[in-house]
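See below for the structure under consideration.
Rule-based calculations on the coordinates, nothing more; no lab input. Not measured: the values here are computed from a predicted model. Positions of Cβ are generated from backbone atoms using ideal geometry, with glycine treated the same way; all protein chains shown enter the neighbour counts.
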Amino acid sequence: MTLSSHNTQTSLPVPILRRAWLQRGLEVTVSLAFLALALRGLQWQGLWEALRGANYLWLFPGIAILIVLLFVKTWRWQLLFRPEQRVSFVSAFTALSAGYLASNVLPARLGEAVRLVLLISDQPVSAARTLSTIVVERLLDVLSLLIVLVVLLPFVRLPTWMTYSAQALGVAALAIALGMVVLSYWKERLLGWARWLSGRAAFLDRPVLYDALGHLVDGFAALRTRWGLLLMGLSLAGWVGVTGVAWSAGQAFGLALPLTAAAFAVVVTTLGMLLPSSPGYIGVFHGLVIVALAPFGVPREMAFSYALVWHGVNYVTLSASGAVALWVHGTSLGQVLHKWRQRHAGKG
């Protein structure tokens with residue numbers, strides 16, 4: 001089943017469509033801008049020689065690591081529903097894989113919507129509870145990524161402004177960690193503050209806001225169970241694995257880069273994904289790889305060819321995994337998005 005653009009457009013109100021088109025325009029503009037920066041001054045002959053001379057057998061370890069990471073991330077997502085609920089590993093794996101596929105081929109970062117709809121369709125969990133686990137998962141990823149960045153600072157010679165920025169992000173990581181721990185213990189107090197605040201701002205006095213806040217705090221609660229350290233360990237292991245994929249792609253080009261360089265490229269490109277961009281982060285990813293490898297003296301042609309292959313490994317492996325998972329499940333992205341639109345129409 002496919003999702004026609006006509007059905008998508010006619011099912012949404014005009015203001016929402018206008019915002020959607022503006023968002024698409026911003027995403028494409030940002031991606032094209034980064035792509036233009038990446039291509040500026042590029043020697044095409046050097047790019048072709050780098051791609052032609054690569055040893056692509058080195059990509060297979062990266063593919064294997066990505067598949068293992070899908071299982072690790074699925075396990076972590078399962079744990080975030082504890083202790084109140086247990087979700088099927090197969091359902092969580094299908095939803096997670098389909099989410100990566102959607103992020104690669106659909107605009108507006110619809111991957112999270114796809115994984116949410118798939119999971120609540122298969123498992124007896126609420127949308128609010130599932131959304132809270134996704135939020136906590138993202139915070140864990142940011143926290144562990146910033147920890148990696150702080151650890152890298154003594155080993156990477158960066159411009160002064162980059163060093164100061166990294167230190168500021170390290171402070172942010174500490175604040176995030178502290179906030180997550182505090183919130184996990186202070187659910188009732190936090191809800192009390194929310195009700196006190198809503199009493200002075202009537203537009204905030206909505207049960208749905210209290211429910212969302214409560215579910216979010218419940219998501220943090222898993223961090224103070226016996227699985228808390230495991231959740232943090234799995235998050236850090238995930239970034240170690242991603243660094244392994246980046247290093248493996250570098251070996252294909254004979255780049256004599258230390259693991260710290262690969263890890264720094266992972267940090268820069270991942271933080272860059274917070275920017276609006278086209279599906280699959282095309283352009284933004286490639287431009288940021290060049291920026292990340294510049295302090296290590298990697299020529300632009302080599303950095304860009306490396307970015308193309310590294311991005312290609314991620315894109316093809318995760319997209320193929322999502323397509324296979326959906327096929328085994330017996331559904332399609334079009335059907336999942338149809339359910340998502342129905343939910344939004346019902347709320348409207």
- Karplus couplings for the stretch 127-141 from phi (6.51 cos²θ - 1.76 cosθ + 1.60, θ = phi - 60°), rounded to Hz, Gly and Pro as x? 5, 5, 5, 5, 4, 5, 5, 5, 5, 5, 4, 5, 5, 4, 5
- Could you give the length gained on full extension between residue 323 and residue 339, defined as 0.36 nm per residue of separation minus the Cα-Cα distance, in nm? 4.0 nm
- Sequence order, the stretch 322-338: Karplus ³J(HN,Hα) from phi using 6.51 cos²θ - 1.76 cosθ + 1.60, θ = phi - 60°, Hz rounded, Gly and Pro as x, gives x, 5, 5, 4, 5, 5, 5, 5, x, 9, 9, 4, x, 5, 5, 5, 5
- Using a simple spin-label model with points 7 Å from Cα along the Cα→Cβ vector, what separation in nm is obtained for residue 175 and residue 121? 3.9 nm
- Item | HN-Hα J in Hz across the stretch 230-244 - Karplus 6.51, -1.76, 1.60, θ = phi - 60°, x for Gly and Pro | 5, 4, 5, x, 5, 5, 5, 4, x, 6, 4, x, 4, 4, x
- Query: Which residues' amide hydrogens lie under 5 Å from the amide hydrogen of residue 227, considering only partners 5 or more residues apart or on another chain, with H built in the peptide plane?
  - Reply: none
- Most exposed to least, judged by fewest other Cβ atoms within 10 Å, 327, 77 sort to 327, 77
